Structure formats: C-alpha cells, structure tokens
Amino acid sequence: MTSVRILGLSLAVLLAVVSVASAQESATADSNLVAATEAESRQEFRALDEDVQDLKKEVLDLNRDLFLLEEELLFPANSQVAFFVSLDVGEYFALDSVSLRIDGREVANYLYTEREVDALLRGGVHRLHMANLRTGEHELIAIFTGQGPHTRDYRRGATITIEKGIGAKYLELEITDRVTAQQPEFEIREWE
C-alpha cells in the first residue's frame, strides 16, 4: 500500500510538473502571439502614417496650384500691376503705415506691426497691393506716416505718373535715409 501511495504521489507530482510545463509553454506561445501582433500593428501604423504624409503633401501641392491659378485668373499678366514697400536703413523714419491711391481712389491702406518693420529693416519687401489697370496713364500717390527725426509725427507723400502698357508692371515704394539732410526720402520706382 505504501508503494501504491508513493506511486500515486509520484503520479500527482508528475502531473503537476507536466501542467506547469504546459502552462509555461502556453504563456510563451501567448507572449509570442502578443509580440507578433504588436509588431504587425506597428507596421500597419507606419504604413498608415506614410499614407497620411503622402496625402498631406498632395493636398499642399494642390492648394499651391489652386492659389496660382486663382491669381492668374484674378490678375492676368497683361493688366497686372503690383506695389511693394521697402525700407532702407530707417534711422530718420520709423514706419507706421502706408496709404496708396491710384487715380484719386484709395486702393490700399496698411498699418505695420513692429515685427513687420523689423523684417523690412532686415531687407524684406512687402507686397502692399496688386491690381488690374487698363493701359494708359495713371497717377499714383503713396502717403507714408510714422515717426520722423527727433521722434516727431511725420506724414509725407510721393507721387508719380506711370504709363501702363501691355504686360505686368511692378512698382516699389522705397523709403531711404538721406544722410546729408538727415531726413527720410520717399520715392516710387519701377522695376525693370
């Protein structure tokens, strides 16, 4: 009877060992299955992320093309005229705003922020206005307001009569310092 009992205990221990081993194999298999599923999920996520990035690029390209098409339709090259503002040095004039009149009608009025004036001082150019003009003569008046020498309020204008022909025309409203007179100088010049 003792040997049957020993045999029974041995059999019970053996079954326990086998069930523990089976549980470990099952846990290892589950772990491998989880790892494989995670790896597959990561690959699917990467593929989805790449698809989203490609789609974003296509949307940006389409948006740029639509913007260019809209600008071509609104401002055809044969009647287009564009006005740009530039600032050189800026010791004798601190720009606040620019007002632009074409043939007596105000077409643009822009108030500059401190950051925009800093950008102009570093060599930037601001597109103030873009329009369509018929061929012929047109009078342009640009009025500049800001702080002049000795921090006094300053308002000054520049006038030019242009001959608009066929084709685009680009004009620069330039503010420079005249060192000899210690005054700002305002002029309108045509880009070639």
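Just so it is clear, none of the values below were taken in a lab; they were calculated from the coordinates. None of the values given here were measured: they were computed from a predicted structure. So basically every Cβ, Gly included, is an ideal-geometry build from the backbone, and we count neighbours across all protein chains shown.
One table, with the values for the structure above:
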quantity	calculated
Two-decimal Rg/Rh across segment 80-190, once Rg and the Kirkwood Rh are taken from alpha-carbon atoms	0.98
Net charge contributed by nearby residues that have their C-beta within less than 15 Å of E72 (K/R +1, D/E -1)	-2
Net charge of Cβ neighbours under 11 Å - reference A108; Lys, Arg +1; Asp, Glu -1	+2
P(r), alpha carbons of segment 32-89 - 5 Å bins starting at zero, rounded %	4, 14, 9, 11, 10, 9, 10, 7, 7, 6, 5, 4, 4, 2, 0
Cα-based reach from K57 at 16 Å (exclusive), listing aspartates and glutamates while leaving out same-chain residues under 8 positions away	D49, D65
Counted charge near V52, where neighbours are those whose Cβ lies closer than 12 Å (Asp, Glu -1; Lys, Arg +1)	-2
Separation in nanometres of the label points that stand 7 Å from Cα toward Cβ, at L133 and L60	3.6 nm
Inter-site label distance for E40 and S86 at 7 Å from Cα along Cβ, in nm	6.3 nm
